[in-house]
Amino acid sequence: MSDNFNRYIQLGEWCFELKMVRALKVEEYGKPYGAIANCNINGDSMYIDGLVTKDGEEFTKDDFMTFHQFTEMLGLDNFSYHRYQDGRSVTREVKVRKTAQRKAQRKNIETQDPEYIKLVQ
């Protein structure tokens, strides 16, 4: 899959727009999956809806970063999700920084901050 792709396809007079995605956590498509989520896209944001894991599996940081990478690939600005944490209902919104923005920020830190420590071999 490319790093960036269109969220719509024009065929004749019809435009097909990507608005909803079903995400499955699975090693290979078609095999039994360990988690499922529905993702609804509206404008430049995505809402992760109905995230369910099998057998009480945890939603890990790696899982979170995969969703972050997916929203970045779509060119979205943010995504949000709802979950229960410590018995409370919590909605989180995550700003998506593009790879180029992160690289530029790192470069600025390296060149502007005299306290920045850079390891060399």
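A few notes on this one:
- Computing Rg and the Kirkwood Rh from the Cα coordinates of the range 8-110 gives a ratio, Rg/Rh, of 1.03.
- Remark: for residue pairs K54/K95; K61/K95; K25/K95; K25/K54, the C-alpha separation exceeds 18 Å in K54/K95; K25/K95.
Any read-out appearing in this document is the output of simple, stated calculations on the displayed coordinates, not a laboratory observation. This is a predicted model, so every value here is computed, not measured.
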